[in-house]
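Some notes on the structure that comes next.
The values are calculated or read from the model by the stated rules, or taken from the named source; none is laboratory data. Bear in mind the structure is a predicted one, so any value in this text is a computation, not a measurement. Cβ coordinates were reconstructed from backbone atoms using ideal geometry, including for glycine residues, and neighbour counts include every protein chain displayed. In case anyone asks, the SASA skips ligands and DNA or RNA and just uses the protein heavy atoms, side chains included. Shrake-Rupley method; radii C 1.70, N 1.55, O 1.52, S 1.80 Å.
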Amino acid sequence: MTETFVSYSLIAVYSAMAIYTLAFVMFAIDLARRSAESSDAAAADATGLSAASSSRIGVMASSASTTSAATTTLTRDGAPRTGTEADRPASPKYLRLAMALTVIAWVLHVGAVVFRGVAANRVPWANMFEFTLTATALIVGVFLVVQFWQDLRFLGSFITGFALLALGVGTSSFYVDVVPLPPALQSAWLVIHVFVASLSTGFFALAAGLSIVQLMQARREAGKAVKLRFLDTLPGAERLETLAYRLTVVGFVMWTFTLIAGAVWAERAWGRYWGWDTKEVWTFIIWTIYAGYIHARATRGWRGSRSAWLAIVGFAAIIFNFTIVNLFFKGLHSYSGL
């Protein structure tokens, strides 16, 4: 029976990867659509200005119609619509298809997590493969839930691409068969500590994606060498920074709980709260990076590119902690299963 559920889990995860691939392509096409619409709008504006300068009488006669036809509105996905399109509902079909595919892939992804848990008869995050499977499901889940608060669908390529890459590495390099838990992991803290850490990673991933876009947007607004037209359809750098900050604060609260819960669990498992184990140290380093980010932005006026880089460095430290530390550093937290 165990092997049956393991097979179901693998089928579900491979199916999810295939659909994530299609979603990634659709999100990329939507970005191309945004670029095309932005270019068309810019060309229309340039043509309008040229025609206006040719005749003052012509300008006065056509001002009313020009105002009516060239009024720019924004669709829900942030893309500009001009002319008579403003009177019709938006139809970003590639974006809608991309979101639908992401939801389908995520359902299959969660199914893979559940089947793995049933096969193991425990929570499915006791080794690197299982953690990759669960953490990526939570990252995509956070992305989907956040849409009810703020439209961040322009990060779809980043999120689906990251999930696809992580699952590819996890299934090809980290996969292990279902095995019983070692004594130190036979605790309710495994459920709480690791789940909250994974959930916080979802918020940090979104914040990192926003920070990357913020850096590109800031260069565009400064007139530097970023020529990506889809940036014209996205929020400004300041707005992106504010969104990244809010998501980071939520993730930081969860990561703080993760650090405290880990210390409590360590005392019950090994008889001490802190032992300078490599994993413990890197968890604290990550906490320090994000604490510095929040403190510097709130009290020292660190805005713009400096805060964006701190958010990106923090997420890079999380990836380093999960991969390099787990694979190449020995310690009491060596539960990769490899």
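A few notes on this one:
- A straight Cα-to-Cα reach below 28 Å connects K279 with the lysines K330, residues fewer than 8 places away in its own chain not being considered.
- Debye, to nearest 20: dipole size of segment 199-338, +1 on Lys, Arg Cβ, -1 on Asp, Glu Cβ: 400 debye
- Here the contact order of segment 156-303, divided by its residue count and restricted to Cα pairs under 8 Å and six or more residues apart, works out to 24 percent.
- What a 1.4 Å probe finds exposed on segment 181-220 is 74% carbon and sulfur by accessible area, rounded to a whole percent.
- Where E3, E267 fall by accessible area, highest first, once all protein chains stay in place (1.4 Å): E3, E267
- The calculated pair-distance distribution of segment 206-288 uses every alpha carbon pair, bins of 10 angstrom beginning at 0, and gives 17, 32, 20, 18, 11, 3 percent.
- Rg/Rg_ref, segment 98-238, where Rg_ref = 2.2 N^0.38 Å and atoms are Cα: 1.24
- The convex hull built on the alpha-carbon positions of segment 216-338 has an orientation-averaged projected area of 9.8 nm².
- Peptides ranked, highest mean first, by Cβ atoms within 10 Å: ranges 112-124, 173-185: 112-124, 173-185
- For trypsin sites (Lys or Arg not before Pro), the sites in segment 142-246 that DSSP calls loop and that have at most 12 other Cβ atoms within 10 Å are K224, K227.
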